[in-house]
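The structure appears right after this line, and notes come after that.
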């Protein structure tokens, strides 16, 4: 009998203190969270979405979003690593061969992890792909160069996006250590510094034909694939907001002095400070609530009958877009206000509280929310449904 997804969530929640421990120092020294990731793999965190039919817990968007949100409250670097993992497992579930699903899902159930190799620096836009996945001799060969490959330095599988001979998008699932695959530890972002991201070069990398998955049908179909992937990003930002607010409150209780005009003995009794915390709590709760609604909308698509699936897929994209806007705003607001709340002492570089803002500012650059607002606005004004794609 498959273990329940609820049991996995309980174990993840129990591991949060271990994930949070040392996060500030890992950021400072750019030490990758290998130990934390291995603990989470052993706890089944990365296998929570494996279908019951394949021996997994059968969790959906609700469970995947919650795993990521919980982890982001403790260390958003750790939380970003399962984002691509869950997204590409979903692609394999929708469009992968039976052989790939058997091998990949079985490996994930033993604790293995999937990383992405998607972005490139040479295209006119981030959607352009120069990497090639050519079908040869009953298999395929991958050639190309990828950047910002989140999780790749600690992954067991690399999901690489490229185009075939007909210029059709394909995803190749490559085992780490395959000949011709080289990963360089060169991520230098100011935030999300320990997401195990690197540059990957593929030089004549051979993979079985069964490990090549067509991407277009899943992304463009009524599967809420893009909404699922974007919801995971919203979960990271909502978690960053909650974690930063918790740290701000802890700092105020332990270290802040009250402003003399407040006439109180403790900073936490300053009514203006309490008011500001209340405003930020509303922002964070709004983001968390929207994320729950969005997860339910994405999961509804998987249960839908053919006559309503298009409508539900549209609604899932809109709900996730709204959740992402709210999470983006909450993460940036709280991580900036943290210093306003904590006072001058909170800016001490030794505390490394600025990592919260650096993480939020870096991660919220992913898929800009101004385009989420465009799609929401077009729907509100003219009833124009959002496009289907990996970003919505």
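For every residue, the table says whether it meets (1) at pLDDT 95 or above; (2) outside any helix (DSSP H, G or I); (3) within 17 Å of the chain's Cα centre (by Cα); (4) surrounded by 21 or more Cβ atoms within 10 Å (Cβ to Cβ).
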| residue | (1), (2), (3), (4) |
| --- | --- |
| 290 | yes, no, yes, yes |
| 312 | yes, no, no, no |
| 320 | yes, no, yes, yes |
| 338 | yes, no, no, yes |
| 355 | yes, no, no, yes |
Practice item. Pull up the range 143-175, narrow it to residues that are surrounded by fewer than 21 Cβ atoms within 10 Å (Cβ to Cβ) and in contact with a helix residue (DSSP H, G or I) (Cβ under 8 Å, 6 or more places away or on another chain), then point me to the one that is farthest from residue 114 (Cα to Cα). Key: 168
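Suppose we filter the range 176-200 for residues that are at negative phi and either surrounded by 16 or more Cβ atoms within 10 Å (Cβ to Cβ) or not in a loop (DSSP other than H, G, I, E, B) (or both); how many remain?
Residues meeting the conditions: 14.
Return yes or no: is residue 220 in contact with a strand residue (DSSP E or B) (Cβ under 9 Å, 6 or more places away or on another chain), surrounded by fewer than 19 Cβ atoms within 10 Å (Cβ to Cβ) and modelled with pLDDT under 95?
Against the criterion (in contact with a strand residue (DSSP E or B) (Cβ under 9 Å, 6 or more places away or on another chain), surrounded by fewer than 19 Cβ atoms within 10 Å (Cβ to Cβ) and modelled with pLDDT under 95), residue 220 does not qualify.
Among the residues of the range 26-43, count how many are without any contact (Cβ under 8 Å) to a residue 60 or more places away in the chain and more than 16 Å from residue 195 (Cβ to Cβ). So that I can check it myself, show each step before the final result.
We begin by selecting, within the range 26-43, every residue without any contact (Cβ under 8 Å) to a residue 60 or more places away in the chain; these are 29, 35-36, 39-40, 43.
Now narrow it down to the ones that are more than 16 Å from residue 195 (Cβ to Cβ): 39, 43.
The number of residues fulfilling the criteria is 2.
If only one of 49, 31 is surrounded by fewer than 15 Cβ atoms within 10 Å (Cβ to Cβ) and in the same structural domain as residue 72 (by TED's automatic domain parsing), which one is it? Give the derivation first.
Values: 49 fails: surrounded by fewer than 15 Cβ atoms within 10 Å (Cβ to Cβ).
None of the others qualify; the one that does is 31.
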Exercise for review: Check the range 4-11 and report whether any residue there is out of contact with any strand residue (DSSP E or B) (no Cβ under 6 Å at 6 or more places or on another chain), within 22 Å of residue 241 (Cα to Cα) and surrounded by 19 or more Cβ atoms within 10 Å (Cβ to Cβ).
Suggested key: yes
Exercise for review: Would you be able to say whether some residue in the range 117-125 is closer than 22 Å to residue 45 by Cα and surrounded by 23 or more Cβ atoms within 10 Å (Cβ to Cβ)?
Suggested key: yes
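Of 227, 248, 267, which residue is surrounded by fewer than 24 Cβ atoms within 10 Å (Cβ to Cβ) and touching a helix residue (DSSP H, G or I) at 6+ places or on another chain (Cβ under 6 Å)?
Details: 227 fails: surrounded by fewer than 24 Cβ atoms within 10 Å (Cβ to Cβ); 248 fails: surrounded by fewer than 24 Cβ atoms within 10 Å (Cβ to Cβ).
None of the other options fit; the residue is 267.
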Review point. What residue, of 107, 130, 99, 92, is within 18 Å of the chain's Cα centre (by Cα) and either surrounded by fewer than 18 Cβ atoms within 10 Å (Cβ to Cβ) or modelled with pLDDT of 95 or more (or both)?
Key: 92
Review point. Looking only at the range 15-24, which residues are exposed (fewer than 15 other Cβ atoms within 10 Å of the Cβ) and without any contact (Cβ under 8 Å) to a residue 12 or more places away in the chain?
Key: 21
Practice item. Look through 392, 351 and report the one residue that is touching a helix residue (DSSP H, G or I) at 6+ places or on another chain (Cβ under 8 Å), surrounded by 13 or more Cβ atoms within 10 Å (Cβ to Cβ) and more than 22 Å from residue 277 (Cα to Cα). Key: 392
Check your understanding: Taking the range 105-140, which residues are closer than 16 Å to residue 167 by Cβ, in contact (Cβ under 8 Å) with a residue 40 or more places away in the chain and not in a loop (DSSP other than H, G, I, E, B)?
Key -> 133, 135, 140
Revision key, fill the gap. When every residue in the range 292-310 that is free of Cβ contacts under 8 Å to residues at least 40 places away in the same chain and assigned to a helix (DSSP H, G or I) is compared, the one farthest from residue 58 (Cα to Cα) is 293
**Study point:** Leading residue by the ranking (farthest from residue 339 (Cα to Cα)) among those in the range 249-267 that are in contact (Cβ under 8 Å) with a residue 24 or more places away in the chain and in a helix (DSSP H, G or I)
**Key:** 267
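For every residue, the table says whether it meets (1) free of Cβ contacts under 8 Å to residues at least 60 places away in the same chain; (2) part of a helix (DSSP H, G or I); (3) under 30 Å from residue 128 (Cβ atoms).
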site: 333; (1), (2), (3): no, yes, no
site: 358; (1), (2), (3): no, yes, yes
site: 377; (1), (2), (3): yes, yes, yes
site: 381; (1), (2), (3): yes, yes, no
site: 385; (1), (2), (3): no, no, yes
site: 391; (1), (2), (3): no, no, yes
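The values are calculated or read from the model by the stated rules, or taken from the named source; none is laboratory data. Just so it is clear, the structure is predicted and the values come from calculations on it, not from any experiment. Every residue, glycine among them, receives a Cβ derived from its backbone with ideal geometry; neighbour counts consider all protein chains shown.
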